[in-house]
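No lab work stands behind these numbers, since they all come straight from the coordinates. As the structure is a computational prediction, the values presented were derived from the model and not from experiment.
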Amino acid sequence: MAEALVKLSNELAEIVRAFNPYMVSVRARRHYPSGGIRWGADLIVTADHTVEREEEIAVTLADGTTASAVLIGRDPGTDLAVLKISPAAAFREPEHADEISRRRIWRVSAR
């Protein structure tokens with residue numbers, strides 16, 4: 001079992017390393033920062049409750065640059081919102097994105 005947990009831990013670490021550049025911080029007026037994920041050069045997916053009021057939204061990218069953003073879509077039922085940043089920042093696909101997206105982690109149990 002210990003060997004399987006080490007393998008799982010290593011795979012999770014690889015996924016985090018590969019996708020870390022696409023994690024962002026979203027700040028909207030009067031709210032604490034929330035996380036989000038870059039979806040292409042100019043789109044951000046984040047929690048809808050973070051951007052309840054659509055004014056003064058700023059996104060800090062993984063490289064530390066900050067861009068203004070506007071809300072372009074939301075689904076309160078799933079608590080998801082889509083933002084568009086301006087100007088669009090340089091974007092590249094994550095390394096090994098296809099391989100990593102095919103990995104499935106079904107269940108982890110501890111005894």
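Full-extension gain between MET23 and TRP39, please, as 0.36 nm times their residue separation minus the C-alpha to C-alpha distance.
My answer for the length gained is 4.8 nm.
With the Cα gyration tensor of the range 22-92 giving a ≥ b ≥ c as the square roots of its eigenvalues, does the rule (a/c under 1.5 for rounded; else a/b larger than b/c for prolate; else oblate) give rounded, prolate or oblate?
Verdict is prolate for the range 22-92.
At 0.36 nm per residue, minus the direct Cα-Cα distance, what do TYR32 and ARG53 gain on full extension? Give it in nm, one decimal, please.
Taking TYR32 through ARG53 to full extension adds about 6.3 nm, to one decimal.
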